[in-house]
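Student: I have a structure I would like to understand better, so I am pasting it below and will then ask my questions one at a time.
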Amino acid sequence: MDTLNYLGQGFGVALTPYNLVTALCGTLIGTVVGLLPGLGPINGVALLIPIAFALGLPPESALILLAAVYLGCEYGGRISSILLNIPGEASTVMTTLDGYPMARQGLAGVALSLSAWSSFIGAFIATCGMVLFAPILAKWAIAFGPAEYFVLMVFAIVCLGGMAGDRPLKTFIAALIGLFLSSVGIDANSGVYRFTGDNIHLTDGIQFVVLVLGLFSISEILLLLEKTHRGQEAVKATGRMMFNFKEAASVFTVNIRCGLLGFIMGVLPGAGATLASAVAYMTEKRIAGASGKFGQGDKRGLAAPETAIGGAACGALVPMLTLGVPGSGTTAVMIGALSLYNITPGPLLFQQQPDIVWGLIASLFVANVMLVILNIPMIRIFTRILAVPNWALVPVIAIITGIGVYAVHATTFDLFLMIGIGIFGYILRKLDFPLSPVLLGFILGGLMEQNLRRALSISNGALEILWSSPITFGVWVLTAIMLLMPILRIWRKRSAQRRALANA
Amino acid sequence: MLLQRIFASVLLLVCIGLALMAWPYQAAFSYEPVGPRAFPLLMLGLMGMGLLYMIFRPAPIVHSEDDPQLDRETLIKIGICVVLLLVFAGTFEPLGFIVSSILIGIPMARLYGGRWLPSVVIISLMSIGLYLLFDRVMDVPLPLGLLDVLEN
């Protein structure tokens, strides 16, 4: 009953006119940012951090703004995948498979509104799941000591590699780069300057916003250069904009199944929206069997990944809010934003600042409703934005990125650092390294080191504390399973190949 | 494959360099058993092991079909783009936001295939607009630089 009470309070926070306008602005900005090539939820949220801070928004409004932008970006990404067949990011690849064929058949408007509806259901299921489970998890997490936290973070990092599938080693190296970068700067415990090279601008460490914008915006700008010669014609969204009741009913069971799946995948660290959408699509394809026209514009094929993405995006907020351990690149950025406001996410947040937590959860409901409503009148304007050519867009993105970085500390050193990180990020991308593990490692690095040192201080240097309690031991077992997964998968693939060779 | 090996070797050398740099890090006096160098050394060590494996067994890069191959022309373009960004960072404070963003924005728009006249018009308007939006409306202070004289 307490939970409902708190949720009511949360709606009280989220439904104040000021916060409603904030959420509306956030969803609009987020949708536009998600639409544009080269900008995704990670850059969108990161760019807004210094701006929200400069605007002097109170913490709960700032959080609502960031959450709305996050959801809006996820939503905007699907517009370009349905109309242009260009997935805005990895998670929307599955949306293009059936969304684009639907648009080609003259059902662009229906595809867009149906995907918005599906993602709304997914997000709704996940938000309900969050309301149910987050307080329980938070209560349970209070029993966590530094050793448990350290092991949990090791698990999160390993999960990234285990779940990412095809390139575990590269994911692992990328995460380690991030973990290492977090140790640059003055060491809080001993006052030793680490890896600063006597540069005063580095004593504070690498600024989070600088790292994010360098890795994601600058490298994307360089990547877009390779594609200047290609023009892409958007499918015109004409005719019926809204799906009808029959269409919604035909995908309803798909929505429910994939929403639950998305939520569970979202809560697991490292899995996230990309994996959730892929698994959802494959599962539904198998369930539909021969009756499905998957890949040729099947509505279920559109609804499945979209619902899963919606569920996973909200589910990813659960470990972030309750444990303070982010599970995805975007939630890592949000933790960075929270720490600017001196808010430490974690179990205590639920007790000390319930307004913020429940206000955020309630605003997720509100933002989701807004996105569905926005879709219908605004879609023509959004498709117009898609027609903006790269030559006008990219310089503006570069300049705004510059402003975002400069706004943090007002030094040009950060600009140079961002360009350096951007070039490094570009090289990493060209060599097929995933970038969000770098980000996740960077956020987890500081926490991980602090918790490790605290744990070993408690035990006076004895390493046993890291695996002696039942929780830590259990998490280590899970970690070991995760480590074995990619090895097992590679081994199975090899033996399948060998069998295929033997049969041939 | 070769590129990956080169990259992994360079990064491995960087790792070794950083590890040597971290070796002398020691707290003058401390009450905790783990000093400031343990964590970075652990990370560098693990990264080094991963990189060593990559040098000997690099994974093939799967190219998606629409991924264009890097040619000389694109590399030159990327070089120019990086130089432009560096110029932006260098002139941001001395010349001021508006001048420096026009200075690099127009060649950048050209680089991405815009024509002269629209590029000049749009980038100039955008620079001034962004300055007004961020500095005046949103309270993000941006340097005026050369245009400082216009202020008073």
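The values are calculated or read from the model by the stated rules, or taken from the named source; none is laboratory data. The structure presented is a predicted model; accordingly, all values stated were derived computationally and were not measured. For neighbour counting, all protein chains shown are included, and Cβ atoms are generated from backbone atoms with ideal geometry for every residue, glycine included.
Student: When only residues in region B:116-152 that are surrounded by fewer than 19 Cβ atoms within 10 Å (Cβ to Cβ) and not in a helix (DSSP H, G or I) count, which is farthest from the other protein chains (Cβ to nearest Cβ)?
Tutor: Selected residue: B:N152.
Student: Continuing with the same structure: Can you tell me which residues in region B:7-26 are exposed (fewer than 12 other Cβ atoms within 10 Å of the Cβ), part of a helix (DSSP H, G or I) and within 11 Å of chain A (Cβ to nearest Cβ)?
Tutor: B:G17
Student: Got a number for residues in region A:283-320 being part of a helix (DSSP H, G or I) and farther than 26 Å from A:T331 by Cα? Step through it out loud before you land on a result.
Tutor: Of region A:283-320, the ones part of a helix (DSSP H, G or I) are A:283-291, A:299-315, A:317-320.
If we keep only those that are farther than 26 Å from A:T331 by Cα as well, we get A:283-291, A:299-301.
Qualifying residue count for the region: 12.
Student: Which residue, of B:P94, B:P58, is more than 7 Å from chain A (Cβ to nearest Cβ) and surrounded by fewer than 17 Cβ atoms within 10 Å (Cβ to Cβ)? Quick ask: steps written out before the conclusion?
Tutor: On the way: B:P58 fails: surrounded by fewer than 17 Cβ atoms within 10 Å (Cβ to Cβ).
Residue meeting the stated conditions: B:P94.
Student: Can you name the residue in region A:27-44 that is among the hydrophobic types (A, V, I, L, M, F, W, C) and not in a helix (DSSP H, G or I) and, of all such residues, is farthest from A:F208 (Cα to Cα)? Before the answer, list the steps.
Tutor: Going through region A:27-44, the residues among the hydrophobic types (A, V, I, L, M, F, W, C) turn out to be A:28-29, A:32-33, A:35-36, A:39, A:42.
Retained after the next criterion (residues that are not in a helix (DSSP H, G or I)): A:36, A:39.
On the way: A:L36: 23, A:L39: 17 Å.
So the residue we want is A:L36.
Student: Here is a follow-up. Would you pick out the residues in region A:12-33 that are of a type outside the set (A, V, I, L, M) and more than 24 Å from the chain's Cα centre (by Cα)? Give the steps one after another, and end with the answer.
Tutor: Taking region A:12-33 and keeping what is of a type outside the set (A, V, I, L, M), we get A:12, A:16-19, A:22, A:25-27, A:30-31.
Selection gives A:G12, A:T16, A:P17, A:Y18.
To keep it simple, each residue is scored yes or no on (1) surrounded by 24 or more Cβ atoms within 10 Å (Cβ to Cβ); (2) over 24 Å from A:L211 (Cβ atoms); (3) modelled with pLDDT under 80.
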site: A:L7; (1), (2), (3): no, yes, no
site: A:C25; (1), (2), (3): no, yes, no
site: A:A46; (1), (2), (3): yes, no, no
site: A:G56; (1), (2), (3): no, yes, yes
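The rows are residues; the columns are (1) under 23 Å from A:I51 (Cβ atoms); (2) among the aliphatic types (A, V, I, L, M).
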| site | (1), (2) |
| --- | --- |
| A:K293 | no, no |
| A:A312 | no, yes |
| A:I343 | yes, yes |
| A:P347 | no, no |
| A:L364 | yes, yes |
| A:N368 | no, no |
| A:I376 | no, yes |
| A:R384 | no, no |
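Student: Here's a follow-up. Any idea which of A:E464, A:E449 is out of contact with any Gly (no Cβ under 9 Å at 6 or more places or on another chain), buried (at least 17 other Cβ atoms within 10 Å of the Cβ) and among the acidic types (D, E)? Break it down into steps so the answer makes sense when it comes.
Tutor: Numbers: A:E464 fails: buried (at least 17 other Cβ atoms within 10 Å of the Cβ).
A:E449 is the lone residue from the list that is out of contact with any Gly (no Cβ under 9 Å at 6 or more places or on another chain), buried (at least 17 other Cβ atoms within 10 Å of the Cβ) and among the acidic types (D, E).
Student: Pairs please, first residue from region B:100-115 and more than 15 Å from B:V82 (Cα to Cα) and at the interface with chain A (Cβ under 7 Å from one of its Cβ atoms), second anywhere and surrounded by fewer than 19 Cβ atoms within 10 Å (Cβ to Cβ) and not small (G, A, S), Cβ atoms under 6 Å, 6+ apart in sequence or on different chains.
Tutor: B:G113/A:T228
Student: To continue, here is another question. Check whether at least one residue in region A:143-166 is over 29 Å from A:G346 (Cβ atoms) and modelled with pLDDT under 85, and report yes or no. Step through it out loud before you land on a result.
Tutor: Going through region A:143-166, the residues over 29 Å from A:G346 (Cβ atoms) turn out to be A:165-166.
Going one step further and asking which of them are modelled with pLDDT under 85, we end up with A:165-166.
Yes, that holds for at least one residue.
Student: Next up: Please determine whether any residue of region B:68-76 is in contact with a Lys or Arg (Cβ under 8 Å, 6 or more places away or on another chain), within 8 Å of another protein chain (Cβ to nearest Cβ), surrounded by 15 or more Cβ atoms within 10 Å (Cβ to Cβ) and not hydrophobic (A, V, I, L, M, F, W, C). Full working, then the answer.
Tutor: So in region B:68-76, the residues in contact with a Lys or Arg (Cβ under 8 Å, 6 or more places away or on another chain) come out as B:68, B:70.
So of that shortlist, the ones also within 8 Å of another protein chain (Cβ to nearest Cβ) come out as B:68, B:70.
Okay, now just the ones that are also surrounded by 15 or more Cβ atoms within 10 Å (Cβ to Cβ), so none.
Looking for residues that are in contact with a Lys or Arg (Cβ under 8 Å, 6 or more places away or on another chain), within 8 Å of another protein chain (Cβ to nearest Cβ), surrounded by 15 or more Cβ atoms within 10 Å (Cβ to Cβ) and not hydrophobic (A, V, I, L, M, F, W, C), one finds none in region B:68-76, hence no.
Student: Still on this model: Scan region A:468-491 and tell me whether some residue there is within 11 Å of chain B (Cβ to nearest Cβ), modelled with pLDDT under 85 and at negative phi. Spell out the reasoning first.
Tutor: Of all residues in region A:468-491, those within 11 Å of chain B (Cβ to nearest Cβ) come to A:490.
When the remaining residues are screened for being modelled with pLDDT under 85, the result is A:490.
Retained after the next criterion (residues that are at negative phi): A:490.
Among the residues of region A:468-491, at least one is within 11 Å of chain B (Cβ to nearest Cβ), modelled with pLDDT under 85 and at negative phi, which makes the answer yes.
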